[in-house]
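Report on one structure; see the data block that follows.
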Amino acid sequence: MTADRAPSGIAVAPLVEVENLSHVYEDAGSSVTALRHVELRLRPGERMAIMGRTGGGKTTLLSILGGLETPTSGRVTVAGHDLTRLSRRERDAFRRRVVGYVWQDAERGLLPELSVLQNVLLPMLAEPASQHQRQRFALQLLEALRLRPLANSRLGDLTAAETQRLALAVALANRPLLLLADELTAVLDWPAGGELMGDLVTMLQASATAAIVVSHDRRVQRYVDHVLVIKDGVSGPAAETAPALAERG
């Protein structure tokens, strides 16, 4: 498969490649097909929204891309890692170093006994950086996500919007190549959701981090470069592209 071409003419290999991906859940002698022959490609620094109705397979696809599940068939490559062939140790390292993950339940990846700042610092502890460097970057993340004044607060003191922002800061703490976010704005009203997406885009552009965001809200499309629709486990392009939506405002 040939590499994509950047506008400058320099070859840019895809960061994410999904080819003919299918996934079947087996339970007590019955089977449910969650994904069928899904195709996806994303270059470094690009943003994609995966859209579709509840139960259509969006979260399953995100879980596979995050190394949380292994597909039944097909090929999945992220940053050169073949996710169908990783050992458990390799998979753990992939999840620590390559991807950042925001769960649909944002609190799932957070520790309520720690402060906001401590939650962001925790994923950095295994990294070869000084305490000063970790602290500085954690505070930069909180500043970019409008959480700096809440650095010493606990999870129980945060609003739903602030909790989503904290989950995002934690997911970005290890400077991942790819951010995966499941229904990032679902619990927010749209002014808050739009503000969060705008702040996220600014951060992603500054760090050249790619992102795949699962959402059922069409307004998310204006913040991404590509849109993939999953319907009954099958992928296809959106009726309107992200640039077209952006032009409409």
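Could you line up Ser215, Ser22 from fewest to most neighbouring Cβ atoms inside 10 Å?
On the way: Ser215 24, Ser22 16.
With the fewest neighbours first, Ser215, Ser22 line up as Ser22, Ser215.
For the chain, what is the charge dipole size about the Cα centre, in debye to the nearest 20, if Lys and Arg each add +1 at the Cβ and Asp and Glu each add -1 at the Cβ?
Numbers: 28 positive and 28 negative charges, 104 e Å.
About 500 debye.
So what is the relative contact order for the stretch 77-205, in percent, with contacts set as C-alpha pairs under 8 Å and at least six apart?
On the way: 135 pairs, mean separation 45.9, N = 129.
In percent, rounded to a whole number, it is 36.
Given +1 on the Cβ of Lys and Arg, -1 on the Cβ of Asp and Glu, and no further charges, what dipole in debye does the stretch 34-176 carry about its Cα centre, rounded to the nearest 20? Show your work: numbers first, answer last.
On the way: 22 positive and 13 negative charges, 84 e Å.
Using only the charged Cβ atoms, the result is roughly 400 debye.
Can you tell me the orientation of helix 160-172 relative to the chain, as the angle in degrees between its alpha-carbon axis and the longest Cα principal axis, to the nearest 10?
80 degrees
Starting from the Cα gyration tensor of the chain, take the square roots of the eigenvalues, sort them a ≥ b ≥ c, and report rounded, prolate or oblate (rounded when a/c is under 1.5, otherwise prolate if a/b is larger than b/c, else oblate). The partial results should precede the final answer.
Working: a/c = 1.43, a/b = 1.34, b/c = 1.06.
In terms of gyration-tensor shape, rounded.
With Cβ to Cβ distances under 15 Å as the rule, what net charge do the other residues near Lys231 carry (K, R +1; D, E -1)? Kindly include the intermediate steps, with their values, before the conclusion.
Details: positive: Arg36, Arg53, Lys58, Arg218; negative: Glu39, Asp232.
Cβ neighbours under 15 Å give a net charge of +2.
Taking the Cβ of Leu142 as the center, what net charge do the other residues with Cβ under 9 Å away carry, scoring Lys and Arg +1 and Asp and Glu -1?
Details: positive: Arg146, Arg148, Arg165; negative: Glu143.
Computed value for this residue: +2.
Multiply the residue separation of His216 and Asp157 by 0.36 nm, subtract the distance between their alpha-carbon atoms, and state the gained length in nm to one decimal.
Numbers: separation 59, 0.36 × 59 = 21.24 nm, distance 2.81 nm.
Answer, rounded to one decimal: 18.4 nm.
Post the alpha-carbon centroid distance, the stretch 93-120 to the stretch 155-224, in whole angstrom.
What the calculation gives is 13 Å, centre to centre.
Once you sort the root eigenvalues of the Cα gyration tensor of the stretch 49-164 as a ≥ b ≥ c, which label holds: rounded (a/c under 1.5), prolate (a/b larger than b/c) or oblate (the other case)? Write down the numbers at each step before the final one.
Details: a/c = 2.62, a/b = 1.49, b/c = 1.75.
Verdict is oblate for the stretch 49-164.
Helix-only estimate, please: 222 nm mean residue ellipticity of the chain, summing -39500 (n - 2.57) across DSSP H runs of length 4 or more and dividing by its residues, to the nearest 500. Before the final figure, lay out the partial values.
On the way: 7 runs with 76 residues, N = 249.
That calculation yields -9000 deg cm²/dmol at 222 nm.
If you plug each phi of the stretch 193-202 into the Karplus form 6.51 cos²θ - 1.76 cosθ + 1.60 with θ = phi - 60°, what whole-Hz ³J(HN,Hα) values come out, in order, with x for Gly and Pro?
Taking θ as phi minus 60°, the curve returns x, x, 5, 5, 5, x, 5, 5, 4, 4 Hz for the stretch 193-202.
Treating the beta-carbon of each Lys and Arg as +1 and of each Asp and Glu as -1, no other charges, what is the dipole magnitude of the stretch 22-84 about its Cα centre, to the nearest 20 debye? Walk me through the intermediate numbers first.
Details: 7 positive and 6 negative charges, 68 e Å.
Dipole of the stretch 22-84, to the nearest 20 debye: 320 debye.
Which of Val78, Thr59, Val99 sits farthest toward the positive end of the charge dipole of the stretch 54-99, with +1 on the Cβ of Lys and Arg and -1 on the Cβ of Asp and Glu?
Ranked along the dipole, the leading option is Val99.
Which net charge results for the neighbourhood of Asn174, defined as the other residues with beta-carbon distances under 12 angstrom from its beta-carbon, given Lys and Arg at +1 and Asp and Glu at -1? Don't skip to the answer; put the middle values down first.
Numbers: positive: Arg95, Arg96, Arg97, Arg134, Arg175; negative: Glu127.
Spelling it out: positives minus negatives among the neighbours equals +4.
Within 10 Å, count the other beta carbons around each residue, average over each peptide in 32-39, 178-185, 79-86, and list them highest first. Intermediate values should be presented prior to the final figure.
Numbers: 32-39: 18.1, 178-185: 23.6, 79-86: 15.4.
So the order, starting with the most tightly packed, is 178-185, 32-39, 79-86.
Sorted from fewest to most neighbouring beta carbons within 10 Å, what does the list Leu62, Leu68 look like? Please list the in-between numbers first.
Numbers: Leu62 24, Leu68 16.
Ascending number of Cβ neighbours within 10 Å: Leu68, Leu62.
Would you list Arg222, Arg146 from fewest to most Cβ contacts within 10 Å? All intermediate terms of the calculation are to be shown ahead of the outcome.
Numbers: Arg222 19, Arg146 14.
So the ranking, lowest neighbour count to highest, is Arg146, Arg222.
Any read-out appearing in this document is the output of simple, stated calculations on the displayed coordinates, not a laboratory observation. The structure presented is a predicted model; accordingly, all values stated were derived computationally and were not measured. Here Cβ is always computed from backbone atoms with ideal geometry, including for glycine, and neighbour counts include all displayed protein chains.
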